[in-house]
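Visitor: Could you have a look at this structure, given as structure tokens, before my questions?
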Amino acid sequence: RVAEVVLHELAHQWFGNLVSPEWWSFLWLNESFATFMAFKAEAALFPEWNIWEEYLAQITSAGKSLDSLRSSHPIEVIVKDPNEVDQIFDAISYNKGGSVLRMLEQSMGEDAFRDGVRRYLAKHAYGNATSGDLWGAMGGAIPAMMDGWTRQTGWPVLHARREGGALRLRQERFFLDRDPAKPAEDPTVWDLPVAWAGGSTRLATREGAAAAPPGAKLNAGQSGFYLVNYDETGWAEIAARAPSLPPMDRYGLQEDAYSLLRAGYLGVGGYLGLASAFGAEENHHVLGGIADGLGALADIFHGEPAAARLEDFARKLLRPVSDKVGWDESPGEPHERLLLRATALGAAVRFGEPGAVAEARRRFGDPGSLPPNLRSTILFAAARHGEDGALDALIGYFEKADLPEVKVQLLRAMGAFRREAPLRRAVAYSLSDKVRLQDAMYVFSSAPIEAKPFVWALLKEHWTTIDQRYGKSGLIGHFVASAASGIPREEHAAEVEDFFKTHPAPFASEKIKQTLEGIRARARFRDRNKAALARFFGV
């Protein structure tokens, strides 16, 4: 992360300083390039980090998540009001834009892409530029292809259906919250680079075909900013091959499946069946993706009779790898193993694996004495599965800690209690003069689903202070999203909506829209799928 930040800011010497955007609408020429080029540099400097896996799991995934909402916006966004400027420094301008650049590079080839960027920088040095200037420097058919990616909101789902020796392809805009009983509602079409092992094609129209063989995983290397939905036979073939696919394809496969489940293209049983294929997974990004998907489902269905069975399913699926890596590091372990251990044990604690919870609580102590890679997991366990006294210990450690990284981990842990009393104290402490202004939001961001109603109530209770401190910056949106999201009920959405009608937050207007859409999407998904979840587990 340190390398990423340093390289991101260095990249701004070219993308931002040497060539500046003509207007805020072209902010992405700064931030998307700095995001992408930082990882390019990391990949060259530290090839052993496999940094493009990180890019896919962190950068591309966040861009897709926000762009799945109707309240998203184009990469090239029209900015008319100063209040809007802060709000476009988001996952579209950084993550989606950076991912679209990676897709373009993979489609053009690295040499041709680099030459185009050089021409762009040379022509517009010490001046201003637009998206069109970049596409013009790339040459050929690039402007026609890329304008659709920067000027249109959203991203596509590519349906692949086997007909004889070919795959029939059809694209439509992907919405996280859609009515599965209704046809596609958006006429948008993108120019898609469709690749598989040993071949590729382009799809710039609604429908087309590909000569991909049976069992081929489309969007090879997960370089395209789209997801793929196979027919029933295709999913079965892909699931059988999943363990043998490269890591980025495995990550993409499980991420696509979760998104398709949320949007109603894939059933609960289909998703959980695919997840079962990853029981021996040892890539920490792929394992983390599976754990995040199951955790998100457990949160959505919290309180349903089948929710406990779902958490038990997750514990059994993830137990072999957490047992294999154990708690103790060995000298000279590769960093991939260290990260796998942190991911596996973090998931075990999150799902309440008794042995993992007991061991984490046994190890709880001064953060300076904890293994850095497991520090967050141990602190989180002390709060989520501990008693009120754990908060006093966390506050004591916070006041002695001198590293900002450790202080942030402690604040996140303070927000992980499941009961109102310690959360009330933790929120009050975060807003005291003991905590840096920019760090208070971390306490709001880590509350488990059981505690979400308390955190929302506490945000309202402390709203005057929060609004006075953060109301004229983009930080206010992070407080709103952290405290208001997560409760999958229409009644909660209505309550949030009513609150902000009487407590306007102009610098959080986009975040409020996105949060409300997310709440309602989860509520409708829960209603549509709780019966199917119960059937899957025989409850």
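Visitor: Need the failing condition index for M441 against (1) in contact (Cβ under 8 Å) with a residue 40 or more places away in the chain; (2) over 30 Å from L403 (Cβ atoms); (3) open to solvent by 20 Å² or more (accessible area, probe 1.4 Å), just the number.
Guide: Against the list (1) in contact (Cβ under 8 Å) with a residue 40 or more places away in the chain; (2) over 30 Å from L403 (Cβ atoms); (3) open to solvent by 20 Å² or more (accessible area, probe 1.4 Å), M441 comes up short only on (2).
Visitor: Quick one: K324 ticks every box in (1) under 30 Å from N50 (Cβ atoms); (2) in contact with a Lys or Arg (Cβ under 8 Å, 6 or more places away or on another chain); (3) part of a helix (DSSP H, G or I); (4) not hydroxyl-bearing (S, T, Y) except a single one, so which number is it?
Guide: (2)
Visitor: Report, by residue number, each residue of segment 505-522 that is of a type in the set (S, T, Y), open to solvent by less than 40 Å² (accessible area, probe 1.4 Å) and farther than 19 Å from R262 by Cβ.
Guide: none
Condition check ((1) of a type in the set (S, T, N, Q); (2) touching a residue at least 24 places away in the same chain (Cβ under 8 Å); (3) surrounded by fewer than 19 Cβ atoms within 10 Å (Cβ to Cβ); (4) part of a helix (DSSP H, G or I)) across all residues:
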| site | (1), (2), (3), (4) |
| --- | --- |
| A390 | no, yes, no, yes |
| F398 | no, yes, no, yes |
| V406 | no, yes, no, yes |
| A416 | no, yes, no, no |
| L423 | no, yes, no, yes |
| S432 | yes, no, yes, no |
| K452 | no, yes, no, yes |
| V455 | no, yes, no, yes |
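Visitor: Further question: Can you tell which of P372, P354, P331, P320 is touching a residue at least 40 places away in the same chain (Cβ under 8 Å) and of a type outside the set (K, R)?
Guide: P320
Visitor: Listed residues T60, T35; which is touching a residue at least 60 places away in the same chain (Cβ under 8 Å) and under 23 Å from T515 (Cα atoms)?
Guide: T60
Visitor: Given the structure, is A236 modelled with pLDDT under 95, among the aliphatic types (A, V, I, L, M), open to solvent by 60 Å² or more (accessible area, probe 1.4 Å) and within 27 Å of Q58 (Cα to Cα)?
Guide: no
Visitor: When R119 is evaluated against the numbered criteria (1) open to solvent by 30 Å² or more (accessible area, probe 1.4 Å); (2) farther than 22 Å from A220 by Cα; (3) modelled with pLDDT of 95 or more; (4) under 29 Å from the mean Cα position of the chain (by Cα), which criterion, by number, is the only one it fails?
Guide: Every condition holds for R119 apart from (4).
Visitor: Checking D467 against (1) at pLDDT 95 or above; (2) assigned to a loop (DSSP other than H, G, I, E, B); (3) within 21 Å of Q514 (Cβ to Cβ), only one condition comes out false. Which one?
Guide: Against the list (1) at pLDDT 95 or above; (2) assigned to a loop (DSSP other than H, G, I, E, B); (3) within 21 Å of Q514 (Cβ to Cβ), D467 comes up short only on (2).
The values are calculated or read from the model by the stated rules, or taken from the named source; none is laboratory data. Being a predicted model, the structure only gives us computed values, none of them experimental. We place every Cβ from the backbone using ideal geometry, glycine too, and count neighbours over all the protein chains shown. Calculation scope for accessible area: heavy atoms of the full protein, side chains included, ligands and nucleic acids excluded. Shrake-Rupley method; radii C 1.70, N 1.55, O 1.52, S 1.80 Å.
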